[in-house]
Amino acid sequence: MRDLTLDMSSCLSVDGVRITRKGKSLLNVPHLALDGPGPTLILGPNGSGKSLLLRCLHGLIVSDRGQVRQDGVALNADHKARQAMVFQQPVLLRRSVAANLDFVLKRQGMPRSARKSRIEELLAEGGLDGKVRQSARSLSGGEAQRLAILRALALDPETLFLDEPTSALDPNATQMIERMILRASTRGVRIVMVTHDIGQARRLAADIVMMQGGHVVEHGAAKQVLDAPKSDAARRYLAGGLVT
Amino acid sequence: MALILNGDAELWAIVLLSLKVSIFAVLISALIGMPVGAALAVARFPGRRVLIVLMNALMGFPPVVVGLLVYLMLSRSGPLGVLELLYTPTAMIIAQVVLVTPIIAALTRQVVEMLAEEYSEQLRSLGVSRLASVPVLLWDARLALVTALLAGFGRAIAEVGAVIIVGGNINHVTRVMTTTIALETSKGNLALALALGAILIGIAVAVNAMVSTLSLQAEREGLRHA
Ligand SMILES: Nc1ncnc2c1ncn2[C@@H]1O[C@H](COP(=O)(O)OP(=O)(O)OP(=O)(O)O)[C@@H](O)[C@H]1O
Ligand SMILES: [Mg+2]
């Protein structure tokens, strides 16, 4: 009985969520429960609603109908404060690399001396040491993406949403980020991540959500979805992905 | 030119007064205009669009008319007549504040609103409230805001119509560069007028050089990942 309540408390779920714009249904998810411990990866073609679903889970968009629940209760400000998100297009503050990290650490009330060493630690982890004083807006695309991920990790979130975080990264940086994500996951951070990289899904995912046209067409253990997809949509997507 | 090089005392007193009046005016305008501009950019309330249109209209207000209105306010029979500010440097500062505040407010509103749009989701994700986002936006727009201040200063220091009405161009009291040029030219004293004109042009060029350097830098930083 006790175990059951514990299980409940780590559940992020979507119930009857619908988003419609100008008469077009963009997202329609009757039920989705993310309750496993490992990283959840969201796959699906362009425009299938992956980013929209992340925004919903993070409480950035309020759906026309239905509810996002954490711990069985409607998503509230406390929940959101323990979530972090790396956007598909990272938005960095017009400040130095270090100041971008300092901004979130300061908001958490970390004292100045601790912040300085934490920043160095984070930058080393993301391979951005040596860029401390550089203006964040002058970073390359991949460096900017890395900084955005570091900034999200600096928040020390319980849930971390990542929207195609390695889309602009070289293989080395991708590997570095994947390791960081796995480390966070082992620490107990719930990872929900969008990717188009099927190899990456295979490497990271415990479970996979497959999307198509605003619907969740399949949700299951990574191995099962990748090797023996039940839905036609998932089969087609994976076939296309494997060919290229 | 000899007047400038020889450090003519009267000339430099005029230059100094001009700078003092305009710098004061710009600082006061910034204290009013920046919060107003930022509030208009971030807050959502009925009548907001009307206020923005009004502010943009004020930006193009003819200085002479502003001078006249400030004159009416400050004149002996006006509502602020008891303060006896007419024909003092303070009166000139007030007139310039009225001229410059809309410029600073409008430019602030523009840059902060653009930045707010870009930052909005990220800041919400970080849990920054709308109110708390204002200082973040102002700080990150700092290059553009300094440009706005310089633009305001350029307008203030080159302005003649309003300050001549409320300042009266009194020797040693309210005589600034522009008003002295107008007076001395009409008296035929071209040497002083030309010297002051040269200094005024120098200031204008310096301000414009600073503005273009800053906006170039802002653009360079802003264009990436836009
Ligand atoms: N505010 C909006 N108004 C209208 N349509 C929208 C809006 N936001 C998203 N959409 C549409 O919703 C659909 C899903 O968008 P979403 O960004 O979730 O796609 P995605 O699965 O993340 O695609 P990608 O792989 O290209 O990132 C798209 O067709 C998009 O055009
Ligand atoms: Mg997307």
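The values are calculated or read from the model by the stated rules, or taken from the named source; none is laboratory data. A quick note: this is a predicted structure, and the numbers were derived from the prediction, not measured. Cβ: placed from backbone, ideal geometry, glycine included. Neighbour counts: every protein chain shown. Side chains are part of the model used for accessible areas, which takes the heavy atoms of the whole protein and leaves out ligands, DNA and RNA. Shrake-Rupley method; radii C 1.70, N 1.55, O 1.52, S 1.80 Å.
Return yes when residue A:145 is part of a helix (DSSP H, G or I), more than 15 Å from residue B:123 (Cβ to Cβ), within 16 Å of ligand 1 (Cβ to nearest atom) and of a type outside the set (Val, Ile, Thr) and no when it is not.
Working: part of a helix (DSSP H, G or I): yes; more than 15 Å from residue B:123 (Cβ to Cβ): yes; within 16 Å of ligand 1 (Cβ to nearest atom): yes; of a type outside the set (Val, Ile, Thr): yes.
Against the criterion (part of a helix (DSSP H, G or I), more than 15 Å from residue B:123 (Cβ to Cβ), within 16 Å of ligand 1 (Cβ to nearest atom) and of a type outside the set (Val, Ile, Thr)), residue A:145 qualifies.
Apart from one condition, residue A:38 fits all of (1) farther than 20 Å from residue A:166 by Cα; (2) surrounded by fewer than 19 Cβ atoms within 10 Å (Cβ to Cβ); the exception is (1). For residue A:167, state whether it is small (Gly, Ala, Ser), farther than 22 Å from residue A:35 by Cα and facing chain B (nearest Cβ under 9 Å). The answer is no for residue A:167.
Across region A:77-132, the number of residues qualifying as surrounded by fewer than 19 Cβ atoms within 10 Å (Cβ to Cβ), away from every other protein chain (no Cβ under 14 Å) and in a loop (DSSP other than H, G, I, E, B) comes to 6. Could you list all residues from region B:108-147 that are open to solvent by less than 30 Å² (accessible area, probe 1.4 Å) and touching a strand residue (DSSP E or B) at 6+ places or on another chain (Cβ under 9 Å)? Correct list: B:122, B:125, B:126. Within region A:133-146, the set of residues being of a type outside the set (Lys, Arg) and surrounded by fewer than 24 Cβ atoms within 10 Å (Cβ to Cβ) comprises A:134, A:135, A:138, A:139, A:140, A:141, A:142, A:143, A:144. The conditions of being open to solvent by 40 Å² or more (accessible area, probe 1.4 Å), part of a helix (DSSP H, G or I) and modelled with pLDDT of 90 or more are not met by residue B:99. Taking the criterion of being within 12 Å of ligand 1 (Cβ to nearest atom) and in a loop (DSSP other than H, G, I, E, B), the only residue of region A:151-164 that qualifies is A:164.
Exactly one residue among B:80, B:5, B:40 is open to solvent by less than 50 Å² (accessible area, probe 1.4 Å), at pLDDT below 95 and not polar (S, T, N, Q), and that residue is B:40.
Would you confirm whether any residue within region A:202-215 is open to solvent by 10 Å² or more (accessible area, probe 1.4 Å), within 16 Å of ligand 2 (Cβ to nearest atom) and within 14 Å of chain B (Cβ to nearest Cβ)? There is no residue in region A:202-215 that is open to solvent by 10 Å² or more (accessible area, probe 1.4 Å), within 16 Å of ligand 2 (Cβ to nearest atom) and within 14 Å of chain B (Cβ to nearest Cβ).
Consider region A:44-69 and keep the residues that are of a type in the set (Ser, Thr, Tyr) and within 11 Å of ligand 1 (Cβ to nearest atom). The one that is least open to solvent (accessible area, probe 1.4 Å) is A:48. Here the condition is being away from chain A (no Cβ under 14 Å) and buried (at least 20 other Cβ atoms within 10 Å of the Cβ); of B:157, B:201, it holds for B:157 alone.
What is the residue count in region A:29-54 for residues that are in contact with a strand residue (DSSP E or B) (Cβ under 8 Å, 6 or more places away or on another chain) and without any contact (Cβ under 8 Å) to a residue 40 or more places away in the chain? So the answer is 4. Kindly establish whether residue A:220 is small (Gly, Ala, Ser), within 20 Å of residue A:11 (Cβ to Cβ), open to solvent by less than 20 Å² (accessible area, probe 1.4 Å) and more than 16 Å from ligand 1 (Cβ to nearest atom). Considered against the rule, which asks whether it is small (Gly, Ala, Ser), within 20 Å of residue A:11 (Cβ to Cβ), open to solvent by less than 20 Å² (accessible area, probe 1.4 Å) and more than 16 Å from ligand 1 (Cβ to nearest atom), residue A:220 comes out as yes.
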